[in-house]
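The values are calculated or read from the model by the stated rules, or taken from the named source; none is laboratory data. Predicted model only: the values in this text are computed from it and were never measured. Here Cβ is always computed from backbone atoms with ideal geometry, including for glycine, and neighbour counts include all displayed protein chains.
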Amino acid sequence: MTGDHYFTAEPTTAARPREVEFTVAGRDYTLASAGGVFSADRLDAGTAVLLRKAELPTADSTGDLLDLGCGFGPISCVLADNAPAATVWAVDVNERARQLTAANAERVGAADRVRVRAPDDVPADLRFTQLWSNPPIRIGKDELHELLRRWLPRLAPDGVAWLVVARHLGGDSLHRWLVDEGWQVERHASQKGFRVLRVGR
């Protein structure tokens, strides 16, 4: 048996378009979703905890923000909404996810501030003031570590990464690994079995 994963580059699963509704920081969102992308039917529980517990950017936030593994774009849309002076880079290997994120950025009136890209299409010299991710734990530990080693060093000197990881999927061991890699890591919050980690230099 074979099937698509949310980290499949070009999903063959039937799209079956649908809408996902959620509320963050008092604003209601209705975003387009489809089969073959991460958490296609609802806002993922980890993403919900991340957006509830991490420190969202504000109207004063500027620079480039990264949504790593954007899926259909809930984090990107919330970041763009909260930080109208910033540019959001929405990155995903999944082509369908990127198409949905672009459509959803348009829905929330942020199409001009959300840059949707495949990982290799992000300018190499770009540095991010914030990195947000519900990282794809299920790709495997080695692949996850490789992913974070690729993107975390692209934080600006005073940049901050916000990560959410389920405790039962290795949230605490990931915390220890990040510290061993030389990052400053704070367990910012815990809720519903998820750890929200604040990572900086």
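Restricting segment 141-174 to residues that are of a type in the set (Lys, Arg) and surrounded by 12 or more Cβ atoms within 10 Å (Cβ to Cβ), which is nearest to residue 44 (Cα to Cα)? Spell out the reasoning first.
Of the residues in segment 141-174, the ones of a type in the set (Lys, Arg) are 141, 149-150, 154, 167.
Then drop every residue that is not surrounded by 12 or more Cβ atoms within 10 Å (Cβ to Cβ), which leaves 141, 154, 167.
Numbers: 141: 21, 154: 26, 167: 15 Å.
Selected residue: 167.
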**Request:** Take segment 17-54 and flag every residue that is of a type in the set (A, V, I, L, M) and part of a strand (DSSP E or B).
**Result:** 20, 24, 31, 32
**Item:** Given (1) in contact with a strand residue (DSSP E or B) (Cβ under 9 Å, 6 or more places away or on another chain); (2) over 18 Å from residue 183 (Cβ atoms); (3) without any contact (Cβ under 8 Å) to a residue 60 or more places away in the chain; (4) not basic (Lys, Arg), index of the condition residue 100 fails
**Value:** (3)
**Restricting segment 59-83 to residues that are over 11 Å from the mean Cα position of the chain (by Cα) and assigned to a loop (DSSP other than H, G, I, E, B), the residue that is nearest to residue 37 (Cα to Cα)** = 83
**Members of segment 164-183 found to be among the hydrophobic types (A, V, I, L, M, F, W, C), without any contact (Cβ under 8 Å) to a residue 60 or more places away in the chain and closer than 24 Å to residue 70 by Cβ, listed by number** = 169, 174, 177, 178, 183
**Request:** Check off (1) small (Gly, Ala, Ser); (2) crowded, with 20+ Cβ neighbours inside 10 Å; (3) modelled with pLDDT of 95 or more for residue 182 and give me the number that stays unchecked.
**Result:** (2)
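Rundown of residues vs (1) among the β-branched types (Val, Ile, Thr); (2) in contact with a Gly (Cβ under 6 Å, 6 or more places away or on another chain); (3) within 25 Å of residue 73 (Cβ to Cβ); (4) part of a helix (DSSP H, G or I), yes/no style:
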{"position": "85", "(1), (2), (3), (4)": "no, no, yes, no"}
{"position": "104", "(1), (2), (3), (4)": "no, yes, yes, yes"}
{"position": "109", "(1), (2), (3), (4)": "no, no, yes, no"}
{"position": "125", "(1), (2), (3), (4)": "no, no, yes, no"}
{"position": "129", "(1), (2), (3), (4)": "yes, yes, yes, no"}
{"position": "152", "(1), (2), (3), (4)": "no, no, yes, yes"}
{"position": "162", "(1), (2), (3), (4)": "no, no, yes, no"}
{"position": "165", "(1), (2), (3), (4)": "yes, yes, yes, no"}
{"position": "173", "(1), (2), (3), (4)": "no, no, no, yes"}
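Considering segment 89-128 alone, what residues qualify as being among the β-branched types (Val, Ile, Thr), surrounded by fewer than 20 Cβ atoms within 10 Å (Cβ to Cβ) and modelled with pLDDT of 95 or more? Break it down into steps so the answer makes sense when it comes.
Pass one, segment 89-128, residues among the β-branched types (Val, Ile, Thr): 91, 93, 101, 108, 114, 116, 122.
Cutting the leftovers down to surrounded by fewer than 20 Cβ atoms within 10 Å (Cβ to Cβ) gives us 93, 108, 122.
The answer is 108, 122.
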**Request:** Among the residues of segment 157-173, count how many are among the β-branched types (Val, Ile, Thr) and in contact with a helix residue (DSSP H, G or I) (Cβ under 6 Å, 6 or more places away or on another chain).
**Result:** 2
**Complete:** Conditions (1) surrounded by 13 or more Cβ atoms within 10 Å (Cβ to Cβ); (2) closer than 21 Å to residue 73 by Cβ -> residue 138 fails only (1)
